[in-house]
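Notes follow the structure.
The values are calculated or read from the model by the stated rules, or taken from the named source; none is laboratory data. None of the values given here were measured: they were computed from a predicted structure. Note that each Cβ is placed from the backbone with ideal geometry, even for glycine, and that neighbours are counted across all protein chains shown.
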Amino acid sequence: MSQSTDNNSLSPAGYFERNWPFVLVLMLLPAAAVRFYGLDLPFDADYMTQRLLFASLDLKDILLHNYPDQRHPQLFYLLMHPVVLLGRQEWLVRLPAAVISMVTPVVAFFFLRARLGAARALAAAAVVGFSWEFLRHSRDVSDVSLFITLALLNCLLLLKAHGRPSRSSLGALVAAQTAMFYSYYLSLLVLVAEVLALFWQQRAEKNVPRRLWLALGVSVALAAPAWVDFAGLVLADMKTRQLAAAFPGHIWGQKGPVEMLGEVAGVLFPAGWEGIVASVASAAGLVALLVSRADAWKRLVLCNLAVGAAAIVASVMVVRMQPYYFLYLLPFIAAAALCRTEVNRTGILSGVAGFLFKASPVLVAAAFCMDCYVRLPALTSAAGRDHFARLQEFCRDPDAPDTIVVDPDMLHTIVLYYCFDDPLAAYRGCRWQNGPVECGHGARRLVTLTAMASMTEGWQQRAVERFEAIARQPVLFVYTEKFENPPLLGQLRERCREVEKMPPLVVFLCGK
């Protein structure tokens, strides 16, 4: 017995069990480096400045969801609000997501440590910490890291409350669950998975405390305003999805189940051979989960994966979905890939299987880390990202026209950010109720030509007519090749002077 204990303590698993705090901190250092280096890159997409400006609104407007962003509930903007009061620099507004994402691998570790041991839990933390897609969104003005952290924390607290339903554990669960509901609407999928797992547990072992059901009910009730907003989002998104079907080259969202499954797989797994390693390990681990599903945590992991897969297939036929929405499944994929199983049979195949299961922490963690290492330069380079920032060379020129025209209306926030001295004041002056967005502050004015949310046949010609009415005075026109309008581009080339081409943007000076 003593010799066996000594052998276990000298094994790699024994080393990690004793020294996991040191190893975890050591792992977090490079994870922090790849998150915080180069956060001052220019914004290259309109959603970044949309979120920045929404977070700059009054607290009352944020709490009451008085901002035109149905997809993102209030919690992220409430956390961003004190940050934007300090400033609106690119690095500063990216900082909250990066900081929160440092917590995610720690929560992943504690979620699995008591269930798989420190070595496999550390491997899961590495998977989450160095996942390319998660890293990319962690360096963005994004609520992805907040939602994933809360979803995983919520599952951890659910298991804790199931095992020991004290007032403190149930209170922590209610707080985490409610916060999750206000972080992102896909939290509904986590709730469904939790309920299914508890029903499964109750049917198998009849040991689910009633107070646990009550805690879930309380958190759902506390999030009632979020559910009302969610219902409005679904109804509005069904309409927008019809627009995406009518204008697939201009509005995103028209995807089939098979296409969506493939894209989600590309988000959750590395590229190249690393993805093959991670996929095979995940498939083998999933089999192990199904075979030995008697534990409550395994049922919870399986239910999250099953509900997520069903949602990927079913939801795209009703509403618009982006693949990265399902990044919250990443920790559960890691749990499946690292699941242990006992191989009792003898023989070469069983020996190989046993070796692979033992080596899975190293293989899976190495696959994600190598993928991150290979693709990291593209993430920290400013090449191809500075086209909107370079607009300042033209729109802030003393001789530049006071009127800036951009199409479509979704680009107005990023142009306000780079072309107006006080973008928040200009945003507060925006009007869009009766058509495309128009904003103004002082003598400067920004005009858009097309309201994407209400596009109908003939929108291209209407944009041309609106431009002709505006171009009677000098204007600076920002055209994007991502929103093609050949008739409008023809008018611009005929009536205006091309000042600069910064793909995908083309800047024209009209009326001078």
Exercise for review: Consider R293 carefully, then state whether it is assigned by TED's automatic domain parsing to the domain that holds A231, buried (at least 20 other Cβ atoms within 10 Å of the Cβ) and either touching a residue at least 60 places away in the same chain (Cβ under 8 Å) or farther than 30 Å from A231 by Cα (or both).
Suggested key: no
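Taking only the range 215-226 into account, find how many residues are in contact (Cβ under 8 Å) with a residue 24 or more places away in the chain and part of a helix (DSSP H, G or I). Full working, then the answer.
Initial filter on the range 215-226 (in contact (Cβ under 8 Å) with a residue 24 or more places away in the chain): 215-216, 218-220, 222-223, 225-226.
Narrowing further to those that are part of a helix (DSSP H, G or I): 215-216, 218-220, 222, 225-226.
Looking only at that region, the number is 8.
If we only count strands (runs of 3 or more DSSP E) wholly inside the range 396-499, which ones have 1 or more residues that are charged (D, E, K, R)? Walk me through it before giving the result.
On the way: elements: 403-407, 438-441, 444-448, 475-480.
Fully inside the range 396-499 and qualifying: 403-407, 438-441, 444-448.
I'd like to check something: does the range 424-441 contain any residue that is closer than 17 Å to L509 by Cα, within 30 Å of the chain's Cα centre (by Cα) and outside the structural domain of R51 (by TED's automatic domain parsing)?
So the first thing to find is which residues in the range 424-441 are closer than 17 Å to L509 by Cα, and the list is none.
No: zero hits.
Is it the case, given these coordinates, that A311 is more than 21 Å from L135 (Cα to Cα) and surrounded by 15 or more Cβ atoms within 10 Å (Cβ to Cβ)?
On the way: more than 21 Å from L135 (Cα to Cα): yes; surrounded by 15 or more Cβ atoms within 10 Å (Cβ to Cβ): yes.
Yes, satisfied.
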Point to revise | The listed residue being under 21 Å from P423 (Cβ atoms), in the same structural domain as A223 (by TED's automatic domain parsing) and basic (K, R), out of R71, R88, R139 | key: R88
Review point. Looking at this structure, is V264 touching a residue at least 40 places away in the same chain (Cβ under 8 Å), in a helix (DSSP H, G or I) and touching a helix residue (DSSP H, G or I) at 6+ places or on another chain (Cβ under 9 Å)?
Key: yes
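Quick check on G354: is it at positive phi, at pLDDT below 90 and of a type outside the set (A, V, I, L, M)?
Considered against the rule, which asks whether it is at positive phi, at pLDDT below 90 and of a type outside the set (A, V, I, L, M), G354 comes out as no.
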Review point. Quick one: is L146 in contact with a helix residue (DSSP H, G or I) (Cβ under 7 Å, 6 or more places away or on another chain) and under 29 Å from A236 (Cα atoms)?
Key: yes
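Quick check, is A151 of a type in the set (A, V, I, L, M) and either within 30 Å of Y15 (Cβ to Cβ) or surrounded by fewer than 23 Cβ atoms within 10 Å (Cβ to Cβ) (or both)?
Details: of a type in the set (A, V, I, L, M): yes; either within 30 Å of Y15 (Cβ to Cβ) or surrounded by fewer than 23 Cβ atoms within 10 Å (Cβ to Cβ) (or both): no.
Judged against the criteria, A151 is not a match.
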